[in-house]
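Have a look at the structure below before the remarks.
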Amino acid sequence: MRNYGAGRDNLLFSEHDWFALEQHMNQTLASEILGMDPDRLLNTAQDAMAGYFVSKFTLELPVIRKGDITVEHREAEIDISRRFEYGYSGVGPGTVRGIEYEAHIPFDGDPGLFKTRPTTHSSSIPRGTVNERQCVLVHIVRNVQLSPAQVEASIDGFVAEIDEHLTWLGNSTRVWNSQLPAKVAAQLADRRQKLIADRTAAGSLKYKIRERPGTAKTYAAPEVKRKVAPTMPPAASQSWKPEPVLEMSLYEHILKSITDAAMTWERSPTAFASMGEEDLRTQILFHLNGHFEGQGTAETFNKEGKTDILIRSQGKNIFIGECKFWGGAKVLTETIDQLLGYVSWRDTKVAVIIFNRNKNFGAVIDQIRSTTEAHPNCKQFVSKASEAQFRFLFTQRDDPNREMTLTVMAFDVPQP
């Protein structure tokens, strides 16, 4: 049954096409991330911030609640100007008393998607209006005389057309939603890295940095019209300051100092043959403190326990090392777990130092790479710096978006 009470403005799935919507969503996402207050972004956990944007920009395809459809019925004046539609043969415009049914079709999802033309579409476009406040589609059926079967057929046909268009639209929304987490993570990472690089560079100037007056200390989440707004994750309100960063060249220097300390064991084996783990660690610290002015410490509390070797700068950790006698692959895995428990989000350069008193040192070396690569936090093997030194890229235990460099070093210790 034709809906003659609706003009072209009541065409659904016609205001814009999918590509225009996708472009708008991409631009809005990028604009919001670039427009975020820098302190707000830097002081918020990356995974929480990513979750906020993913929740906000996920498209919710409407789903018709067919079991909840209701109908209103009333008398109405029917325009019979287009009399051939009603079988009238009179002349000229005019109206007659007829009947009108208004179907209220509830749905769940994003009302705005009823304005979007799918990439696949037909020439038959459903007509209706969307009541965003109540989340219902309104479909009007009117004629001079209508039977119940005609009313039901009109409503069923309308719902079928809506379902067809939503099926086509669903193909595009699923692709958008599946790609959204990676897109958000990449844009947040780019913005964060640039902010950190800019502030680190500014912080290295010999001049003091003036804080901008009126810098926001508290933050409010923007309103999201499409659905219940996700809550912006909490963040520290103070201005973000760059953490001390251990340059790779300095990291290499620390590892070389540890290696140099181990070389003395080979030159004077009898002097070190009776030493245990604590004594050997102390020898390493002697060498490190000769280079780092006493900033290397042992058995220092950090996060969940006491780490064997800790080097600090400006009161912040820049290197953590864990020492252990070789006890097989299981002990190496447990040592890495222990080290990850000590590491906080800002620790990015760490090492596991293996002492070996087994006769077959080659067999120990053969197990180090495969055991470490099998660890669930290992992202990739990076390089083999020497015959017994392996470097890996790891994710932190509490933040999979935060990466750190882990080196496993093995040294043969003289037999007692």
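Filter region 350-385 for residues that are touching a residue at least 60 places away in the same chain (Cβ under 8 Å) and over 30 Å from the mean Cα position of the chain (by Cα); which is farthest from PHE325 (Cα to Cα)? Break it down into steps so the answer makes sense when it comes.
Within region 350-385, the first condition is being touching a residue at least 60 places away in the same chain (Cβ under 8 Å), and the residues that meet it are 351, 353, 355, 385.
Next, from what is left, pick out any that are over 30 Å from the mean Cα position of the chain (by Cα): 353, 355, 385.
Values: ILE353: 8, PHE355: 4, ALA385: 21 Å.
Ranking the candidates gives ALA385 first.
In region 117-126, which residues are touching a strand residue (DSSP E or B) at 6+ places or on another chain (Cβ under 6 Å) and either modelled with pLDDT of 90 or more or crowded, with 20+ Cβ neighbours inside 10 Å (or both)? Outline the logic, then answer.
Residues of region 117-126 touching a strand residue (DSSP E or B) at 6+ places or on another chain (Cβ under 6 Å): 117, 125.
Residue satisfying the conditions is ARG117 alone.
So, SER55, is that one farther than 30 Å from GLU152 by Cβ, touching a residue at least 24 places away in the same chain (Cβ under 8 Å), of a type in the set (S, T, N, Q) and outside any loop (DSSP other than H, G, I, E, B) or not?
In short, yes.
Sort through GLY67, GLY92, GLY87 and tell me the only one that's modelled with pLDDT of 80 or more and either under 30 Å from LEU166 (Cα atoms) or not aliphatic (A, V, I, L, M) (or both). Steps first, answer last, please.
Values: GLY92 fails: modelled with pLDDT of 80 or more; GLY87 fails: modelled with pLDDT of 80 or more.
Matching residue, one of GLY67, GLY92, GLY87: GLY67.
Conditions: (1) hydrophobic (A, V, I, L, M, F, W, C); (2) under 34 Å from the mean Cα position of the chain (by Cα); (3) surrounded by 16 or more Cβ atoms within 10 Å (Cβ to Cβ); (4) modelled with pLDDT under 80. PHE301 meets all but one. Number of the miss?
Exception for PHE301: condition (3).
Considering only residues that are loosely packed, with under 14 Cβ neighbours inside 10 Å and hydrophobic (A, V, I, L, M, F, W, C), look in region 154-193 and name the one that is farthest from MET36 (Cα to Cα).
ALA160
For region 18-61, give me each residue that is surrounded by fewer than 15 Cβ atoms within 10 Å (Cβ to Cβ) and over 14 Å from GLN187 (Cα atoms).
Once the filter is applied, which keeps residues that are surrounded by fewer than 15 Cβ atoms within 10 Å (Cβ to Cβ) and over 14 Å from GLN187 (Cα atoms), region 18-61 yields PHE19, ALA20, GLN23, HIS24, ASP37, ALA48.
The values are calculated or read from the model by the stated rules, or taken from the named source; none is laboratory data. Source: prediction; values computed, not measured. Neighbour counts are summed over all protein chains in view; Cβ atoms, including those assigned to glycine, are modelled from backbone coordinates with ideal geometry.
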